[in-house]
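A short write-up of the structure that comes next.
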Amino acid sequence: MEKWTEILLPILLTLLSAGSAFLIQFIRLQTLKIKKQIEQLEDDNEKLFANKVLSTAEECIELAVVKTNQVLVDNLKQASADGKLTNEEINRAFVTTYNSALDLMGEEIREQVQKLVPNFDNWIRAKIEYYVKMNKEW
């Protein structure tokens with residue numbers, strides 16, 4: 001059994017690294033598409049407003065990630081014997097973060113972002129994953 005672990009662990013770590021790199025690249029591409037869409041707006045005030053809406057939405061997502069990490073994830077890790085989260089706890093943390101981000105944005109910001117972002121749900125999920133990863137690296 002130990003041999004399998006020695007063989008599989010490097011493979012799993014490589015896959016996780018590749019997955020993280022893919023996620024970051026996906027977010028960059030989505031961001032570029034959105035920026036091009038904003039640049040096509042003719043009115044400078046509309047451009048400014050669209051950029052401010054996206055910036056505010058991202059700040060809300062980042063705040064939700066930090067809040068969930070400080071309040072929920074840290075407590076769950078302390079409560080577990082090995083200091084790691086179960087899949088159920090990870091899902092709970094994600095749902096908590098997602099709902100918190102939506103609440104922080106408010107209805108008006110969500111509506112405006114949905115006009116700018118082709119798939120709001122995928123965008124917010126990708127942003128949450130991005131900020132979770134960034135939060136771990138700090």
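Does any residue of region 105-124 turn out to be surrounded by fewer than 17 Cβ atoms within 10 Å (Cβ to Cβ) and under 10 Å from the mean Cα position of the chain (by Cα)?
yes
Pick out the one residue from VAL66, VAL132, VAL113, VAL95 that is touching a helix residue (DSSP H, G or I) at 6+ places or on another chain (Cβ under 9 Å) and more than 28 Å from LEU48 (Cβ to Cβ). Spell out how you get there, then give the answer.
Details: VAL66 fails: more than 28 Å from LEU48 (Cβ to Cβ); VAL113 fails: more than 28 Å from LEU48 (Cβ to Cβ); VAL95 fails: touching a helix residue (DSSP H, G or I) at 6+ places or on another chain (Cβ under 9 Å).
Sole residue among the options that is touching a helix residue (DSSP H, G or I) at 6+ places or on another chain (Cβ under 9 Å) and more than 28 Å from LEU48 (Cβ to Cβ): VAL132.
Where residues in region 68-85 are within 17 Å of SER100 (Cα to Cα) and buried (at least 16 other Cβ atoms within 10 Å of the Cβ), which of them is modelled with the highest pLDDT?
THR68
Of the numbered conditions (1) closer than 17 Å to MET134 by Cα; (2) at pLDDT 65 or above, GLN25 fails exactly one; give the number of that condition.
For GLN25, the exception is condition (2).
The values are calculated or read from the model by the stated rules, or taken from the named source; none is laboratory data. Note that the structure is predicted; figures quoted are calculated from it, not measured. Reconstructed Cβ throughout: ideal geometry from the backbone, glycine too, with neighbour counts over all protein chains shown.
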